[in-house]
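Step one of this worksheet: look at the structure below.
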Amino acid sequence: MEKSTIEQIVRERRTIRTLTNQTISLETIHDLLESASYAPYHSKDEPWEVIIVREQQERQVFVKEIMNSYDRLDTWARYEQEHLEKAKKRTEDYFLDVPVTLIVTAPIGESEKSNLEAIGAVSAFIQNVQLVAWAQKIGVTWRTIPVIFDEVFKQNSGVAAERQIIGLLDISFIDENITLPKSRRKPVTQWTKGLNEKVAEMSKENKE
Ligand SMILES: Cc1cc2nc3c(=O)[nH]c(=O)nc-3n(C[C@H](O)[C@H](O)[C@H](O)COP(=O)(O)O)c2cc1C
């Protein structure tokens, strides 16, 4: 059966971790976010908020906050001394090179239900960003690195106390020369089931 365009994009999209230095305009980012905001949500107000890190000075501040947070969280403890400086530099250089980072947040729900709904809706929003970006040859990496749980990082990055970070999205135009490994998923029959077992149990109980 022939796949619709949307189904093709859903199946073809990949996380892109290779960066290019092609500039991404604010207009392009706004366009992606506006499309993504047609995600479903189940609260009075749309739950997503996004901090856009795009200009050079913003990036310097952002990367400094990431590196400070990594220090605070003792992320480097597992590195042996001889590899430490290299590892830090690799991390810093990577984050300095990302053309655009989006800090995507959701409100912290007051109940388990409202929290689930907020995270669910904002995750749907993020997937919309990834799909719309893919269709424009723009790559995304959704990151949940430890810094997103660091309250000081959160505050210093301008995230309100009553909100939680759902992901950092690294955005870069896709280098068309890279080859991506084919995406694989388990066959649907491995992770789906019906209620037949329960039905059988119930009818056995009723007979007894
Ligand atoms: C909630 C969430 C958190 C993720 N966090 C990270 C991350 O911190 N670092 C990273 O490199 N990729 C991260 N990813 C990307 C996944 O590793 C990636 O989606 C997965 O390997 C499947 O590959 P695909 O996106 O190309 O289909 C995250 C994805 C999701 C959905």
L116 part of a helix (DSSP H, G or I), more than 16 Å from the ligand (Cβ to nearest atom) and over 30 Å from T5 (Cβ atoms): no
On the basis of being within 16 Å of the ligand (Cβ to nearest atom), modelled with pLDDT of 95 or more and either assigned to a loop (DSSP other than H, G, I, E, B) or over 30 Å from N68 (Cβ atoms) (or both), does A161 make the cut? no
Conditions (1) surrounded by fewer than 17 Cβ atoms within 10 Å (Cβ to Cβ); (2) out of contact with any helix residue (DSSP H, G or I) (no Cβ under 8 Å at 6 or more places or on another chain); (3) at pLDDT 95 or above; (4) under 29 Å from N21 (Cα atoms); number of the one not met by E112: (4)
For region 3-22, the count of residues that are surrounded by 11 or more Cβ atoms within 10 Å (Cβ to Cβ) and within 17 Å of E176 (Cβ to Cβ) equals 11
What about Y70, is it more than 17 Å from the chain's Cα centre (by Cα) and in contact (Cβ under 8 Å) with a residue 12 or more places away in the chain? yes
Among the residues that make up region 41-48, is at least one of them surrounded by fewer than 16 Cβ atoms within 10 Å (Cβ to Cβ), in a loop (DSSP other than H, G, I, E, B), of a type in the set (F, W, Y) and away from the ligand (no atom under 16 Å from the Cβ)? no
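Conditions tested, residue by residue: (1) surrounded by 15 or more Cβ atoms within 10 Å (Cβ to Cβ); (2) touching a residue at least 40 places away in the same chain (Cβ under 8 Å).
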residue	(1), (2)
F95	yes, no
I108	no, yes
I119	yes, yes
V132	yes, yes
Residue list for region 164-208, restricted to those being hydrophobic (A, V, I, L, M, F, W, C), within 13 Å of the ligand (Cβ to nearest atom) and modelled with pLDDT of 95 or more: I165, I166, L168, L169, I174
Filtered residues of region 47-64 (kept if over 11 Å from T101 (Cβ atoms) and either more than 19 Å from the chain's Cα centre (by Cα) or free of Cβ contacts under 8 Å to residues at least 40 places away in the same chain (or both)): E55, Q56, Q57, Q60, V61, K64
Modelled with pLDDT of 95 or more, under 24 Å from V129 (Cα atoms), assigned to a helix (DSSP H, G or I) and more than 16 Å from the ligand (Cβ to nearest atom): is that true of H30 in this structure? yes
R59: surrounded by 11 or more Cβ atoms within 10 Å (Cβ to Cβ) and not in a helix (DSSP H, G or I), yes or no? no
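The values are calculated or read from the model by the stated rules, or taken from the named source; none is laboratory data. Predicted model only: the values in this text are computed from it and were never measured. With ideal geometry, Cβ positions are generated from the backbone for all residues, glycine too; neighbour counts draw on all protein chains shown.
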